[in-house]
Structures are given as structure tokens and as C-alpha cells.
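Colleague: Sharing a structure here in C-alpha cells format.
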Amino acid sequence: MDVDYSGRIPNNVGLADDRALQRALLHWQPHFVEWWRSMGPDGALMHDVYLRTAVSVDRDGWAQFGYVRMPDYRWGIFLNPAQPDAVIHFGAHKGEPVWHDVPGEHRANLRRIIVTQGDTEPASVEQQRHLGNTCPSLYDLRNLYQVNVEEGRHLWAMVYLLHRHFGRDGREEAEALLTRRSGDADHPRILGAFNEKTPDWLAFFMFTYFTDRDGKFQLCALAESGFAPLARTTQFMLTEEAHHMFVGESGVSRVVQRTCQAMIALKTDDPAQLREAGVIDLPTIQRYLNFHYSVTVDLFGADRSSNAAIFYTSGLKGRFEETKRADDHVLQDAGYPLLAASGGKLVAQEAPMLNALNEVLRDDFAKDSVGGVGRWNKVIEKAGLPQRLVLPHKAFNRRIGSFAELRVSPGGEVIDDAAWQANVDRWLPTVADRAFVASLMGRVVEPGKFASWIAPPSIGINRQPVDFEYVRFN
Ligand code: BYC
Ligand code: FE
Ligand code: FE
């Protein structure tokens, strides 16, 4: 499954043999590059960046490292190998062969899923566009750019499916993916979290820890799809996603580490004194965590969703690790507990699992999110400090689904509006918090140097030293 790098679009899908498709994608390519130049990393068109590029989809050896000027990055189309005799693992078509083309009756739903997935990729690049101007180190700047080029490639992955399998309206959707803009009042991105700002690097690390993890879970659900090209392309995307979540987890960990060092050196947990010392106090980190977690859990959609039931039963979107589950994979008679407010409390009520599949995926995401928070707490514990970070309750600060009508504290108590207003500044980042974090965001680009508020990583990229020249400015 080596990648053909000889043409203008690197690929392992035999593009050279399909002239019409190749022409259509070559027509889209300059529009993508134009979008990258105007909406991609600000002021970075001439930098040489130490990036990894996919050269094959094999498990050991897909990545090659070297300096690349980002507009010349070889964005390409990489699908995992087709499995001969693959069958659909769930839903009404369980046991039937997977589809290599789009079944007519599922066309509209598949297109919608692919467009929604595709829309998040350029959205995140737009959200992160300005961060290069305030990077805390060359190492971090390189990681930002690596994430950005791979999100650009994820857009290519979805655009390939639209062009290859959806004809004229697929081509129109591919163009529209380049015209919506994150946060734009008239042409916003499709999902809520992708219209929020990523104003500073603490927000970036929280985003890559939590929101890229939504990416992992949605991609895992799509990797089960009965539509084989979608499954195969998302399987390869998942190998890239792991690095994005690493950037987030290690980034927050290094921020926490610096804060703990300052707390010990100054013998204080007073936010004002710590801020004075140029580090981010733990309560502010907790408020950022609360914000990004709650905005991200909204991305899983409504807790009761007939769309989710249809996607599953049609064989379009499975569950996380579908084949590892012991049930019948049809779920007609299965139930799932959903929380609802009753007598001022959240209590579990059984709902049909098919309609609750967004919640099933959200709960799997929540379990997976705990790990990194535990490792951040290990950093605090090792420093001998008693504070701990916690995930807020999933009903906290929701905009989507039945919790959107409730006020719920991070601890999970249903509260009234007055109690919410009285406490919201302790729970979510305030204007003053954001202004303080922004005030720390200076640009540090001397190799091996790091901003005051973040510890260096323990190891560099691809076994390079931490003070390696990860980005060369031209
Ligand atoms: N914001 O029945 P429901 C990633 C709408 S991240 C705004 O629950 P459904 C990445 C919904 O459209 C992964 N609107 O909807 C990470 C619907 O509208 P209509 C992205 C929302 O379809 C970092 C209505 O509410 N991939 O890759 O079952 C960096 C009813 O809701 C939102 C995917 O999401 C929202 N948050 O569930 C870069 C996978 N949520 O039709 C990249 C594909 C819901 O009533 N998407 N609505 O007007 C899906 O599977 C589904 O569309 C969703 C939504 C699970 C997202
Ligand atoms: Fe992505
Ligand atoms: Fe990602």
C-alpha cells in the first residue's frame, strides 16, 4: 500500500487510473491552497517546518520526518487496505458484504455525515490560525503546524469521498467546505464547538485534548461503517489523531508542572501571587477544562436522536469498538439509561438504546477523558500538593440535548438561575481569566527556550533534542 508521490496529489487509491476524478480533484486543489494561504497558519507561508509526512499506510513506517514549507506539504489521499470478504458488523444489514459504492437509499445520510466530519477539519485550522504568533517555544510551534497540516489532510480525506462517490452535489459540498468560516455570523461552521475561539495556548491544549478526542470517537464510530471507503479512510485518520491528543495531554501536563513548581517555590496557592510569578493558577486551568469539556460533549449531539438510530440501523455509523461488544449489534430490544431532571435531581431513566447512541458514544468519550486528567493529577501529587483537577458532570453547561434546558453545577446538582449566576465565574473562564492568560502569550522562538508558564517536554520529536531547530524562519 505504498503511496504514489509522482503526481500532484499523493495517493494510494490509484488516482492516475481515474482521469475524471483526478481532473475534478486537481480543480479543487488550488482552491484548497488558496484557502490555506488565507485561512491557514498566519504568517507561516515561508517557514521550513520539521514535519512528518505519510509515505505508506503500513503500521510501522508510514511517517517520514523532514523540513517542509507548509504550502508545499504533500496533502494526499490515504486509505487503509481493503479487507477482502469484509462484512457489515451491525444494524439491519449485519452479516452482508460491505459496500464499495454508496447505496442509493443511504446517499443523503452518508453525505451529511461526511460533510459534517469534513467541516470540522478546516474549522479547527481557522480557529488555530493566530496561535503561531504567540507560541511558547519552537517545539510547540512545530506541533501546532503538524496538527494543522494533518487537519488539512483530513479535509482531503472527506473531499475525496465526496468527489469519488457523490457526483455533482459532492463537488458542490467540497467547494462549500472551503467557504464556511469558523465563527462567521453568516457562514458559520456546522457544529457549535468549531465556531468558538481558540484564543490562547491553554485553550489550544484543552482543545487538542478534548475536542480532538471527540474526533477520535467519531472517527472510531465511522471506522465501523458499512460504507468501506469511509471506514478505510477514517481508520488511517485515527493514526494521525493520536498525535493531536498527545499534544493536548502533554501540553496541559507541562502547564500544570510549571504551576506546581511555582506553588512550591513561593509556598502559596494564591492565584494573584502565582499570576504575578508568570504561571497559570490551578483554578484557572480548571475553568478552562470545564469550558472545553462541556463544549466538546455537546459535539456528540442530542441524547435522544432519531438520526443516531437511523445511522446505526442503516449500517452507516457504528459504536466505539463495535466488534468488541457482546450484544446482538442490532439493538432493537436494548435499553440505555439516560439522565433526566426529576424533583430537582438528575435520575437515570431507561431509553431505547438505538435512540440513545449519541449518549453511548459520549459516555465512552467521558471514560477515555478521565485518563489524562489522572495523569495531570499525578503531576500535582508528585509535587506534594493536595489540589486535584476534575472533569465536570456531563450535564454542566450544555447547549445541545435535554440538559440544555437545565442549570447544572460541575458537581452535577440541578440548580436555579440565581445559583448559576452567583457561581458561574468560579466555574467557567471569566473575561479577566482570559485577559490574564492572553497577557502571558509572548512569542518564544529561540531553540530550547520556553515561556514562563510552561515546562519543557521530557523528550523531543522523532528523538531529536528538545532544543532542536524545529522551525526555520525565512
Ligand atoms: N452544534 O439528532 P441530533 C473532529 C444539530 S470532531 C450545532 O443529535 P445528530 C475534529 C444537528 O445537526 C468529530 N448543531 O443530530 C476535532 C441536528 O440539526 P437538524 C466531527 C448541532 O446528527 C478537532 C440537530 O442538532 N465528526 O473530527 O444525531 C479538530 C439534532 O441533533 C450539534 C462528527 O461529528 C452541535 N454540537 O448528531 C478537528 C461525525 N449537535 O438536522 C477535527 C459526523 C447536533 O435538526 N457527525 N446539532 O437541523 C455526526 O455523526 C452527527 O452529525 C452528530 C450530531 C453526532 C455531530
Ligand atoms: Fe481531524
Ligand atoms: Fe485532530
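The values are calculated or read from the model by the stated rules, or taken from the named source; none is laboratory data. In this text the structure is predicted, and so the values were computed from the model without any measurement. FYI the Cβ positions are ideal-geometry reconstructions off the backbone, even for glycines, and counts take in every protein chain you see.
Colleague: Condition test on residue 92, is it in a helix (DSSP H, G or I) and more than 30 Å from residue 37 (Cβ to Cβ)? Even if it seems obvious, please write down each step before you answer.
Modeller: Values: in a helix (DSSP H, G or I): no; more than 30 Å from residue 37 (Cβ to Cβ): yes.
In short, no.
Colleague: Quick check on this structure: which one of 95, 76, 132, 104 is more than 16 Å from ligand 1 (Cβ to nearest atom) and under 30 Å from residue 456 (Cβ atoms)? It would help to see each step written out before you state the result.
Modeller: Numbers: 95 fails: under 30 Å from residue 456 (Cβ atoms); 76 fails: under 30 Å from residue 456 (Cβ atoms); 104 fails: under 30 Å from residue 456 (Cβ atoms).
After ruling out the rest, the residue left standing is 132.
Colleague: Now, a different point. If you take the residues in the range 447-468 that are surrounded by 14 or more Cβ atoms within 10 Å (Cβ to Cβ) and in contact with a strand residue (DSSP E or B) (Cβ under 8 Å, 6 or more places away or on another chain), which one is nearest to residue 133 (Cα to Cα)?
Modeller: Applying the filter and picking the extreme gives 468.
Colleague: Just checking, how many residues over the range 206-219 are more than 13 Å from ligand 2 (Cβ to nearest atom) and either under 19 Å from residue 318 (Cα atoms) or not hydroxyl-bearing (Ser, Thr, Tyr) (or both)?
Modeller: As a first pass, look at the range 206-219 and keep what is more than 13 Å from ligand 2 (Cβ to nearest atom): 206, 209-210.
With either under 19 Å from residue 318 (Cα atoms) or not hydroxyl-bearing (Ser, Thr, Tyr) (or both) added as a condition, the list becomes 206, 210.
Qualifying residue count, the range 206-219: 2.
Colleague: Here is a list of conditions, (1) part of a loop (DSSP other than H, G, I, E, B); (2) under 24 Å from the mean Cα position of the chain (by Cα), and residue 404 meets all of them except one; can you say which number that is?
Modeller: (1)
So that you can scan it fast, the table gives a plain yes or no per residue for (1) polar (S, T, N, Q); (2) surrounded by fewer than 15 Cβ atoms within 10 Å (Cβ to Cβ):
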{"residue": "66", "(1), (2)": "no, yes"}
{"residue": "73", "(1), (2)": "no, no"}
{"residue": "80", "(1), (2)": "yes, no"}
{"residue": "109", "(1), (2)": "yes, no"}
{"residue": "117", "(1), (2)": "yes, no"}
{"residue": "129", "(1), (2)": "no, no"}
{"residue": "134", "(1), (2)": "yes, no"}
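Colleague: If we scan the range 292-307, do we find a residue that is part of a helix (DSSP H, G or I) and either more than 16 Å from ligand 1 (Cβ to nearest atom) or within 21 Å of residue 143 (Cα to Cα) (or both)? I'd like the intermediate steps shown before the answer.
Modeller: Taking the range 292-307 and keeping what is part of a helix (DSSP H, G or I), we get 292-300, 306-307.
Going one step further and asking which of them are either more than 16 Å from ligand 1 (Cβ to nearest atom) or within 21 Å of residue 143 (Cα to Cα) (or both), we end up with 292.
The answer is yes; a qualifying residue exists.
Colleague: Looking only at helices (runs of 4 or more DSSP H) that fall completely inside the range 136-219, which ones have 2 or more residues that are over 13 Å from the mean Cα position of the chain (by Cα) and within 15 Å of ligand 3 (Cβ to nearest atom)?
Modeller: Details: elements: 138-165, 167-176, 201-206.
Where helices (runs of 4 or more DSSP H) fall fully within the range 136-219 and carry at least 2 residues being over 13 Å from the mean Cα position of the chain (by Cα) and within 15 Å of ligand 3 (Cβ to nearest atom), they are 138-165.
Colleague: Within the group 76, 43, 95, which residue is more than 15 Å from residue 144 (Cα to Cα) and touching a helix residue (DSSP H, G or I) at 6+ places or on another chain (Cβ under 8 Å)? Full working, then the answer.
Modeller: Values: 43 fails: more than 15 Å from residue 144 (Cα to Cα); 95 fails: touching a helix residue (DSSP H, G or I) at 6+ places or on another chain (Cβ under 8 Å).
Of 76, 43, 95, the one residue that is more than 15 Å from residue 144 (Cα to Cα) and touching a helix residue (DSSP H, G or I) at 6+ places or on another chain (Cβ under 8 Å) is 76.
Colleague: Hey, does the range 210-218 have a residue that's surrounded by fewer than 24 Cβ atoms within 10 Å (Cβ to Cβ) and more than 9 Å from ligand 1 (Cβ to nearest atom)?
Modeller: Looking through the range 210-218, none of the residues is surrounded by fewer than 24 Cβ atoms within 10 Å (Cβ to Cβ) and more than 9 Å from ligand 1 (Cβ to nearest atom).
Colleague: Suppose we filter 17, 4, 101 for residues that are under 23 Å from residue 164 (Cα atoms) and touching a His at 6+ places or on another chain (Cβ under 9 Å); which single one remains?
Modeller: Details: 17 fails: touching a His at 6+ places or on another chain (Cβ under 9 Å); 4 fails: touching a His at 6+ places or on another chain (Cβ under 9 Å).
Just a single option satisfies the conditions, and that option is 101.
Colleague: With respect to residue 258, determine if the residue is in contact (Cβ under 8 Å) with a residue 40 or more places away in the chain, away from ligand 3 (no atom under 12 Å from the Cβ), among the charged types (D, E, K, R) and more than 20 Å from residue 84 (Cα to Cα). Steps first, answer last, please.
Modeller: Numbers: in contact (Cβ under 8 Å) with a residue 40 or more places away in the chain: yes; away from ligand 3 (no atom under 12 Å from the Cβ): yes; among the charged types (D, E, K, R): yes; more than 20 Å from residue 84 (Cα to Cα): yes.
Against the criterion (in contact (Cβ under 8 Å) with a residue 40 or more places away in the chain, away from ligand 3 (no atom under 12 Å from the Cβ), among the charged types (D, E, K, R) and more than 20 Å from residue 84 (Cα to Cα)), residue 258 qualifies.
Colleague: What's the total number of residues in the range 189-205 that are within 16 Å of ligand 2 (Cβ to nearest atom) and among the basic types (Lys, Arg)? Write out each step before concluding.
Modeller: First, pick out the residues of the range 189-205 that are within 16 Å of ligand 2 (Cβ to nearest atom): 189-191, 193-194, 198, 204.
Keeping just the survivors that are among the basic types (Lys, Arg) gives 189.
Number satisfying all stated conditions: 1.
Colleague: Only residues that are surrounded by 14 or more Cβ atoms within 10 Å (Cβ to Cβ) and either over 27 Å from residue 305 (Cβ atoms) or within 25 Å of the chain's Cα centre (by Cα) (or both): list them for the range 413-423, please.
Modeller: Listed by number, the list holds a single entry, 423.
Colleague: Something else now. Is one or more of the residues making up the range 115-130 farther than 30 Å from residue 455 by Cα, assigned to a helix (DSSP H, G or I) and more than 16 Å from ligand 3 (Cβ to nearest atom)?
Modeller: Yes, the range 115-130 contains at least one residue that is farther than 30 Å from residue 455 by Cα, assigned to a helix (DSSP H, G or I) and more than 16 Å from ligand 3 (Cβ to nearest atom).
Colleague: Filter the range 199-209 for residues that are out of contact with any Lys or Arg (no Cβ under 7 Å at 6 or more places or on another chain) and not aromatic (Phe, Trp, Tyr); which is surrounded by the most Cβ atoms within 10 Å (Cβ to Cβ)?
Modeller: Across the range 199-209, the extreme among qualifying residues is 208.
Colleague: Any residue in the range 145-167 that's within 14 Å of residue 27 (Cβ to Cβ): show its pairings with residues that are in a helix (DSSP H, G or I) and within 13 Å of ligand 1 (Cβ to nearest atom) at Cβ separation under 8 Å, as long as the two are six or more apart or on different chains.
Modeller: As it stands, the answer is 159/118; 160/233; 162/111; 162/114; 162/115; 162/118, since those pairs meet every condition given.
Colleague: Next question, about the same structure. Among the residues of the range 311-325, are any farther than 24 Å from residue 427 by Cβ, touching a strand residue (DSSP E or B) at 6+ places or on another chain (Cβ under 7 Å) and touching a residue at least 40 places away in the same chain (Cβ under 8 Å)? Let's see the steps before the verdict.
Modeller: Step one: filter the range 311-325 for residues farther than 24 Å from residue 427 by Cβ, giving 311-325.
Pick out the ones that are also touching a strand residue (DSSP E or B) at 6+ places or on another chain (Cβ under 7 Å) and you get 316.
After this cut, where a residue has to be touching a residue at least 40 places away in the same chain (Cβ under 8 Å) as well, the list is 316.
Scanning the range 311-325 turns up at least one residue that is farther than 24 Å from residue 427 by Cβ, touching a strand residue (DSSP E or B) at 6+ places or on another chain (Cβ under 7 Å) and touching a residue at least 40 places away in the same chain (Cβ under 8 Å).
Each row is one residue, and each column tells you yes or no for (1) modelled with pLDDT of 95 or more; (2) within 13 Å of ligand 3 (Cβ to nearest atom); (3) surrounded by fewer than 23 Cβ atoms within 10 Å (Cβ to Cβ); (4) not in a helix (DSSP H, G or I).
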{"site": "225", "(1), (2), (3), (4)": "yes, no, no, yes"}
{"site": "230", "(1), (2), (3), (4)": "yes, no, no, no"}
{"site": "233", "(1), (2), (3), (4)": "yes, no, no, no"}
{"site": "240", "(1), (2), (3), (4)": "no, yes, no, no"}
{"site": "245", "(1), (2), (3), (4)": "yes, yes, yes, no"}
{"site": "250", "(1), (2), (3), (4)": "yes, no, yes, no"}
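Colleague: Ok, one more. Kindly indicate whether any position in the range 112-128 is of a type outside the set (Phe, Trp, Tyr), more than 16 Å from ligand 2 (Cβ to nearest atom) and modelled with pLDDT of 95 or more. Walk me through it before giving the result.
Modeller: Taking the range 112-128 first, the residues of a type outside the set (Phe, Trp, Tyr) are 112-128.
If we keep only those that are more than 16 Å from ligand 2 (Cβ to nearest atom) too, we end up with 112.
Checking which are modelled with pLDDT of 95 or more leaves us with 112.
Yes, the range 112-128 contains a residue that is of a type outside the set (Phe, Trp, Tyr), more than 16 Å from ligand 2 (Cβ to nearest atom) and modelled with pLDDT of 95 or more.
Colleague: Shifting gears a bit: Within 19 Å of residue 317 (Cβ to Cβ) and either more than 13 Å from ligand 1 (Cβ to nearest atom) or of a type outside the set (Val, Ile, Thr) (or both): which single residue out of 241, 175 fits that description? Working first, answer last.
Modeller: Details: 175 fails: within 19 Å of residue 317 (Cβ to Cβ).
Exactly one of 241, 175 is within 19 Å of residue 317 (Cβ to Cβ) and either more than 13 Å from ligand 1 (Cβ to nearest atom) or of a type outside the set (Val, Ile, Thr) (or both), namely 241.
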